[in-house]
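The values are calculated or read from the model by the stated rules, or taken from the named source; none is laboratory data. Fair warning: this is a prediction, and the values are worked out from it, not measured in the lab. Glycine also receives a Cβ, built like all others from the backbone with ideal geometry; neighbour counts cover every protein chain displayed.
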Number of protein chains: 2
Amino acid sequence: MTLSKQEMPKKSSFFETEQALNYEIEEQVMQLFASSSHVTSIESQIDEITNKFSQDFLSTLDANTHIDLDYLLSNFSDSQIPVQPASLESYLKYLDNNIVAHSIHTSSPRFIGHMTSALPCFVRPLAKLMTAMNQNAVKIETAKALSFCEREALAMLHRLIYNLDDNFYAQHIQNNLSTLGILVSGGTVANITALWCARNTALGPKDDFLGIEKEGLTAALDFYGYKGAAIIGSELMHFSFDKAADLMGIGTHRLIRVPADCNNRVDIQALRQAVAQCRAQNLLIIAIVGVAGTTDSGGVDSLAEIAEIAQSANVHFHVDAAWGGPLIFSQQHRHKLAGIEQADSVTIDGHKQLYLPMGIGLVFFRDPYMAKAIEKQASYTMRKGSFDLGKRALEGSRPGMALFLHAGLNLIGLKGYEFLIDEGIRKTQYMADRICTMPEFELLAEPDTNLLLYRYIPEHLRELVVKKQLTEIDNQLINECNERLQKIQRQIGRTFISRTTKTTTSFGKEIPIIVLRAVIANPLTTEDDINAVLNEQIQLASEISIETFL
Amino acid sequence: MTLSKQEMPKKSSFFETEQALNYEIEEQVMQLFASSSHVTSIESQIDEITNKFSQDFLSTLDANTHIDLDYLLSNFSDSQIPVQPASLESYLKYLDNNIVAHSIHTSSPRFIGHMTSALPCFVRPLAKLMTAMNQNAVKIETAKALSFCEREALAMLHRLIYNLDDNFYAQHIQNNLSTLGILVSGGTVANITALWCARNTALGPKDDFLGIEKEGLTAALDFYGYKGAAIIGSELMHFSFDKAADLMGIGTHRLIRVPADCNNRVDIQALRQAVAQCRAQNLLIIAIVGVAGTTDSGGVDSLAEIAEIAQSANVHFHVDAAWGGPLIFSQQHRHKLAGIEQADSVTIDGHKQLYLPMGIGLVFFRDPYMAKAIEKQASYTMRKGSFDLGKRALEGSRPGMALFLHAGLNLIGLKGYEFLIDEGIRKTQYMADRICTMPEFELLAEPDTNLLLYRYIPEHLRELVVKKQLTEIDNQLINECNERLQKIQRQIGRTFISRTTKTTTSFGKEIPIIVLRAVIANPLTTEDDINAVLNEQIQLASEISIETFL
């Protein structure tokens, strides 16, 4: 086919336009990457703009904007990637108006309902540095100094938990056969990793059997003569244990949730019975879990007693101290963790009470060779005898979060963390005391740490609460009131308290009660802030009462 | 006991000192947190200092410093957390000299051995903003706008893969019953999540059976009448599949690794046989895995053929496109992924060829209800009917990495990513062509994407290579030479190429050969850089040869 003269120039100009566009794209993209002074200047401009966003965000006292979720839904409904790169200016404006503006002020002193807090100022510049360095902690070839730095930081926390001697640490801290701990993305992966190690150790290679790793769960249970496998712990165990039981093929029905007492600690007698029942049913107990700081109430199990049970049953003892682990920094409060040093594995979250950014879970092992049970290799990267941290880990490629951990331990120090922990608990006790003096509220358990469960009581029921004469219907009404209260408070956005549902209460009968849940971990939260949150609840509740409960 | 006058003042002064020290600690710690202008000024100072670190780091051409690992080992051997908070000034100096200085310049244009690259400049300021916002993507109460923003970004990539119609996206993009994708910490968790969903779907509830989630793997296989379970894919599958097979209780022996051809693509005939064998052995096939960009060589399986096999066997088809997924942006290269749109699940890594920071894995599902198979709830947070993203995820608390993904898709755009992909492959072809003209090297496979496998050949063996007359002993010698070459090059630190071991080569006999592995993904890498890397190898190898191989 030959083209007419008329068509020729058209097509040619189309190509020229396309070429010009392509060149423009190339230029636009390359200026985002090139490490020239021109880029430095673009980056500085972005930095200046986003710094402003950060400052405004961090200095807002309100917990939240009161924007409707429905509005946000419709605002993020574009499923097409833009063809051309957006201009930096317009995207940053969009980002500020649509994302930053309607994010949660987790650092607000009046956002005291979840396990997020204000962070120390050094983490923000370090986040940028970490991203600039873009190390991949999976292997030494992409994270040279950082691999050793990570091992050092993990050893420091290992020592705080287990307090072994200088020789032990000299031998293991930088020995590539040893794993004192693993840095993971969060507490869930930490808990799964610990149970994975426990399972593979309990069902390891023996005689002709090559171990569960290679031959699988069914063959392993068969070889060792078990009818099934189980994990035992408090009914208040985090839902990551459900994930673990499901993922590992054990089944969530075999995640045995033992009742907790009215102080949210596992009932030791019931735990003992559960162990005996598993034995009687010929179930392998993969691990007994102690919780140090339950997610819903901060309760700390009696770890020493659980340790004893685990030891006499010869079972792996795991402590989920994702929340409560840092109590160990406090001379005043560390006794609550007594027994943790006997744990075979311990989970602690860096992004909770180590005041580090989201994405830092930690799992520690008393036996430095335990993680060998999950070791994997790959010729292109994970080599035997190397310092590749990815050899013994659930995750592969991962960022250099160790930078934050190392900085936190050094820049806050033992005494600094002690201060933060003590303050959180002191302020929680203050809030508990305040609640006890206020007829509008009922305190539901003396706080073990810095979580507080309480509820609002509508006026006409207050006397019955004091007399302990609430009926089930009364409780239902109180439940409705507290659920509405929490939702309205969240929606208005000035202050924030979360809610949970408890069934283990001291009401004779087991009925679900909806409770308000305060988490006091933000160093910026003052007694005034606590009073402001409570006063707002009283005011909002009185408005609900007028509408609904009279 | 009464104290003598001499002791009294001592003790009192001790307490006073302690109190003063405590007050000092309080002051030091609080100034790290308080959101006052004083803190802003401290933060600005840190920012200024760390910006300088970043700039120096990013502008270094060398891949690495030549410092010994032994030196680093001994430099990170402190297992005691400092008692007092370190001064910011001294810690930052320490950080620069000991960590930043000896980190890997993953953005160096001559670091072309791993899947890390220079990143677009906007990610660094955004990292700081993300950390300032400190959202927790696990639930809507700690990540309001970001939850919807994440869903939008995932839908955009879902559409790129599956290309379903407007109605589909309008229905699912912000529907809390639908899960188009999950943002996870990396490709490993993405792959595990996909297989977890596949397993739980294949062995779900039926009649009286409550499903594998609740009853476990052994009961599930028993109920459905299988002798065991298996996963089938190429021998070049990433080692995350070993982790998945182990963790999920299947056993790595039942991860069936089918041979790949000399172009690093799975042998389709052998795959078909493996499926038949599993059927014959009464094994449940949980998934058939196609690899789009093998980690060691970048090979892309014939996805359309695998899709057909999976479909006719009625088995879940998973595509691990952690590396190669973004080829879909390229009009020129996307045909290599043909068939990916038939996958039940697809893994793509944001921190690889989407040029985003480490810590972004993505898994997509064709069926928006598939992830229901792993859903979990918890009364304190993950509520039914909510927009809590943690309901259907392996991980719990996690950072707002969606911010980077959303920004990348908008600021680089379809055309920008196309340019980056095309350029990487173009430069890889350039390197392959160069290698073919250089007698010092042997190219080991035509590159499918932007990974290149080759090796150095000592001079006296070059003729035998051309004649294809190398003996096993010759190959051993070449192996030793390449391993030494890679280590020396890495140690000197000016340039970097990784190495891997291949067994699937065209040498008649299956012998392990050590090969050099280039990954060309850095937009800053020029043809000159590629030549510099090759020339350095020739020079270093000639020095090795003189010592060892003559």
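Quick notes
- Taken over the stretch A:199-209, residues that are surrounded by fewer than 24 Cβ atoms within 10 Å (Cβ to Cβ) and assigned to a helix (DSSP H, G or I) amount to 2.
- Qualifying residue in the stretch A:167-181 (condition: crowded, with 24+ Cβ neighbours inside 10 Å and either facing another protein chain (nearest Cβ under 8 Å) or assigned to a helix (DSSP H, G or I) (or both)): no
- A:Ser108 falls short of the stated requirement of being among the small types (Gly, Ala, Ser), within 30 Å of A:Cys121 (Cα to Cα), surrounded by 18 or more Cβ atoms within 10 Å (Cβ to Cβ) and at the interface with chain B (Cβ under 7 Å from one of its Cβ atoms).
- Selection from the stretch B:55-91 of residues that are among the hydroxyl-bearing types (Ser, Thr, Tyr), within 30 Å of B:Arg490 (Cβ to Cβ) and modelled with pLDDT of 95 or more: B:Ser77, B:Ser79, B:Tyr91
Here is a yes/no grid of residues against (1) in a helix (DSSP H, G or I); (2) among the aliphatic types (A, V, I, L, M); (3) modelled with pLDDT of 95 or more; (4) surrounded by fewer than 20 Cβ atoms within 10 Å (Cβ to Cβ):
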{"position": "B:Gly408", "(1), (2), (3), (4)": "yes, no, yes, no"}
{"position": "B:Leu420", "(1), (2), (3), (4)": "yes, yes, yes, no"}
{"position": "B:Lys427", "(1), (2), (3), (4)": "yes, no, yes, no"}
{"position": "B:Tyr430", "(1), (2), (3), (4)": "yes, no, yes, yes"}
{"position": "B:Arg434", "(1), (2), (3), (4)": "yes, no, yes, yes"}
{"position": "B:Pro447", "(1), (2), (3), (4)": "no, no, no, no"}
{"position": "B:Val465", "(1), (2), (3), (4)": "yes, yes, no, yes"}
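- The set of residues in the stretch A:128-165 being more than 21 Å from the chain's Cα centre (by Cα), more than 7 Å from chain B (Cβ to nearest Cβ) and of a type in the set (D, E, K, R) consists of A:Lys139, A:Asp165.
- The residue pairs whose first member lies in the stretch B:141-169 and is acidic (Asp, Glu) and at pLDDT 95 or above, whose second member is crowded, with 21+ Cβ neighbours inside 10 Å and in a helix (DSSP H, G or I), and whose beta carbons are closer than 8 Å, counting only pairs six or more residues apart or on different chains, are B:Glu150/B:Leu389; B:Glu150/B:Ala402; B:Glu150/B:Leu405; B:Glu150/B:His406; B:Glu152/B:His406.
- Neighbours by Cβ (under 6 Å, 6+ apart or cross-chain): first from the stretch B:368-397, at the interface with chain A (Cβ under 10 Å from one of its Cβ atoms); second modelled with pLDDT under 90 and buried (at least 20 other Cβ atoms within 10 Å of the Cβ): B:Gly390/B:Met382; B:Lys391/B:Met382
- Which listed residue is over 25 Å from B:Gly211 (Cα atoms), more than 14 Å from chain A (Cβ to nearest Cβ), in contact (Cβ under 8 Å) with a residue 60 or more places away in the chain and hydrophobic (A, V, I, L, M, F, W, C), from B:Ile425, B:Ile360: B:Ile425
- Residue that is surrounded by the fewest Cβ atoms within 10 Å (Cβ to Cβ) [pool: residues in the stretch B:230-244 that are more than 8 Å from every other protein chain (Cβ to nearest Cβ) and either within 17 Å of B:Thr218 (Cα to Cα) or small (Gly, Ala, Ser) (or both)]: B:Ala230
- Hey, B:Ile25 at pLDDT 90 or above and either within 10 Å of another protein chain (Cβ to nearest Cβ) or loosely packed, with under 13 Cβ neighbours inside 10 Å (or both) or not: yes
- Comparison of B:Glu446, B:Glu463 shows that the only residue that is away from chain A (no Cβ under 14 Å), over 26 Å from the mean Cα position of the chain (by Cα) and not aliphatic (A, V, I, L, M) is B:Glu463.
- Of all the criteria given as (1) free of Cβ contacts under 8 Å to residues at least 12 places away in the same chain; (2) under 12 Å from A:Phe148 (Cα atoms), the one not satisfied by B:Tyr94 is (2).
- Residue in the stretch B:88-106 that is in contact with a Ser or Thr (Cβ under 7 Å, 6 or more places away or on another chain) and among the aromatic types (Phe, Trp, Tyr) present: no
- Screening A:Gln539, A:Gln476 for residues that are away from chain B (no Cβ under 14 Å), surrounded by fewer than 23 Cβ atoms within 10 Å (Cβ to Cβ) and at pLDDT 95 or above leaves exactly one candidate, A:Gln539.
- Yes/no for B:Glu215 being in contact (Cβ under 8 Å) with a residue 12 or more places away in the chain, of a type in the set (D, E, K, R) and more than 30 Å from A:Phe76 (Cβ to Cβ): no
- Test: residue in the stretch A:112-127 that is under 28 Å from A:Gly293 (Cα atoms), touching a strand residue (DSSP E or B) at 6+ places or on another chain (Cβ under 9 Å) and more than 9 Å from chain B (Cβ to nearest Cβ): yes
- Flag for B:Phe223 being away from chain A (no Cβ under 11 Å) and part of a helix (DSSP H, G or I): yes
- With respect to the conditions (1) among the aromatic types (Phe, Trp, Tyr); (2) within 28 Å of B:Ala321 (Cα to Cα); (3) buried (at least 20 other Cβ atoms within 10 Å of the Cβ), B:Tyr456 falls short on a single one, namely (2).
- Every condition in (1) assigned to a helix (DSSP H, G or I); (2) polar (S, T, N, Q); (3) out of contact with any Lys or Arg (no Cβ under 9 Å at 6 or more places or on another chain) holds for B:Thr501 except the one numbered (1).
- Residue within the stretch B:395-406 that is among the hydrophobic types (A, V, I, L, M, F, W, C), closer than 30 Å to A:Ala244 by Cβ and surrounded by fewer than 24 Cβ atoms within 10 Å (Cβ to Cβ) present: yes
- Filter pass, A:Val123 being in contact with a Leu (Cβ under 8 Å, 6 or more places away or on another chain) and crowded, with 18+ Cβ neighbours inside 10 Å: yes
- Residues that are surrounded by fewer than 15 Cβ atoms within 10 Å (Cβ to Cβ) and within 30 Å of B:Ser108 (Cα to Cα) were ranked within the stretch A:45-83; the one that is nearest to the other protein chains (Cβ to nearest Cβ) is A:Val83.
- Residue, surrounded by the most Cβ atoms within 10 Å (Cβ to Cβ), within the stretch B:253-270, restricted to residues that are at the interface with chain A (Cβ under 10 Å from one of its Cβ atoms) and over 21 Å from the mean Cα position of the chain (by Cα): B:Arg254
- When restricted to residues that are among the aliphatic types (A, V, I, L, M) and part of a helix (DSSP H, G or I), the stretch A:453-463 contains 1.
- If you go through the stretch A:271-316 and keep only what is more than 28 Å from the chain's Cα centre (by Cα), part of a loop (DSSP other than H, G, I, E, B) and either under 21 Å from A:Phe365 (Cα atoms) or in the same structural domain as A:Ile425 (by TED's automatic domain parsing) (or both), you end up with just A:Asn314.
- Answer residue from the stretch A:79-122, given it is in a loop (DSSP other than H, G, I, E, B) and of a type in the set (Ser, Thr, Tyr) and is farthest from the chain's Cα centre (by Cα) among those: A:Ser87
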